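What follows is one structure encoded as structure tokens, with my remarks underneath.
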Amino acid sequence: MSGPELYLGKVMHHRLRPAVNRFTYPVYFCRLPLRQLGAVANRVFSLNRFNLLSFHFADHGARDGSHPLAWIEAQLAAAGILADGEIVLHCFPRVLGYVFNPVSFWFCHNRAGETVAILAEVNNTFGERHAYLLHHPDGRPLRDGEVLTAAKRLHVSPFCAVEGGYRFRFFSKAQSALVRIDYADADGDLIYTSVSGQLAPWTVPALLKAFFGYPWMTLGVIARIHWQAIKLIAKRVPFFGKRPPSRNLNPLQENPS
């Protein structure tokens with residue numbers, strides 16, 4: 001990866017039971033090389049400053065304004081993972097100073113450019129988060145499309161219990177990216193989710209096209225979460241109360257299946 005990347009795409013969510021609920025929304029997202037963050041800034045995209053679009057250190061990792069690279073390197077070191085190549089953060093940008101990332105992905109590479117770990121940083125609307133660190137215990141690279149699993153640890157939706165687990169799959173091509181997250185409980189598959197996008201140039205015209213083509217995108221993310229909740233209530237999907245918040249922000253050392 002030679003610099004920041006912009007993707008124009010969509011988010012898909014498909015609940016299978018007890019009532020079917022499916023939606024697809026347009027989005028755009030960034031993939032930012034954390035060792036080259038100086039390359040992201042231009043007239044419409046800023047680093048740690050207000051702009052039409054921006055990326056702020058306080059939105060990821062330690063959330064204290066420190067460089068996110070220090071946080072992710074500490075997580076990798078604690079897990080005994082050697083990722084001495086580029087670390088790429090897949091996330092939504094701030095739009096007019098506001099952002100909510102239901103999930104961000106940290107792609108951790110070795111010097112050969114191979115992906116040796118992926119950290120999925122999940123946030124809920126209650127202000128809580130949890131990180132799932134996906135890797136092979138023996139350190140071998142992750143294959144494109146490989147199934148990676150993690151036990152569910154965070155109360156994300158009030159319409160799902162904190163049980164069961166996730167299956168992650170990541171697909172990358174020269175001009176496109178796809179992430180699939182399937183959630184299953186004791187009764188089998190419950191929710192299918194995907195985030196996909198087509199690569200666009202990291203230029204002022206392309207960023208402006210994304211900004212004006214998807215107005216108020218991150219406010220829309222929150223609005224749509226609540227709209228879908230209303231629909232699930234109307235369909236009488238069972239509601240699960242939130243557990244006391246967990247303050248453990250350290251990622252689990254999850255392993256591929």
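Values in this text are rule-based calculations from the coordinates and carry no lab data. Remember, it's a predicted structure, so these values are computed and weren't measured experimentally. Here Cβ is always computed from backbone atoms with ideal geometry, including for glycine, and neighbour counts include all displayed protein chains.
Placing dummy labels 7 Å off each Cα toward the beta-carbon, the span from residue 149 to residue 230 is 3.9 nm. Taking every full run of DSSP H in the chain, the ones that stretch at least 24 Å from end to end by Cα along their long axis and average 1.0 or higher on the Kyte-Doolittle scale are 217-234.
Residues 212, 107, arranged from fewest to most other Cβ atoms within 10 angstrom of their Cβ, appear as 212, 107. A Cβ-based charge dipole, computed about the Cα centre of the chain with Lys and Arg at +1 and Asp and Glu at -1, lands at about 900 debye.
Entry note, the chain: relative contact order of 21 percent, from Cα contacts under 8 Å with a spacing of 6+ residues. Out of 234, 150, 79, any idea which swings most in a Gaussian network model of the chain, alpha carbons joined below 10 Å? Most flexible of the set in this elastic network: 234. Can you classify the chain as rounded, prolate or oblate using the Cα gyration tensor, where a ≥ b ≥ c are the square roots of its eigenvalues, rounded means a/c under 1.5, and otherwise it's prolate if a/b beats b/c and oblate if not? Oblate, because a/c is 1.5 or more while a/b does not exceed b/c. When shorter helices are ignored and each DSSP H run of at least 4 residues is given -39500 (n - 2.57), the per-residue value for the chain at 222 nm works out to -5000 deg cm²/dmol.
The simple spin-label model puts a point 7 Å past each Cα toward its Cβ; for residue 114 and residue 206 those points are separated by 2.9 nm. All C-alpha pair distances within the range 74-213, sorted into 10 Å bins from zero, spread as 10, 37, 35, 17, 1 percent across the bins. Loop-located chymotrypsin sites (Phe, Trp or Tyr not before Pro) in the range 6-97 (DSSP state not H, G, I, E or B) with no more than 14 neighbouring Cβ atoms inside 10 Å: 50. Oblate is the label for the range 3-147. Its Cα gyration tensor axes, ordered a ≥ b ≥ c, give a/c of at least 1.5 and b/c at or above a/b.
A straight chain from residue 67 to residue 16 at 0.36 nm per residue would run longer than the Cα-Cα distance by 14.4 nm.
For residue 171 and residue 50, the difference between the fully extended length at 0.36 nm per residue and the C-alpha to C-alpha distance is 40.3 nm.
Residue 190 sits among other residues whose Cβ lies under 11 Å from its own Cβ, and their net charge, with Lys and Arg +1 and Asp and Glu -1, is -2.
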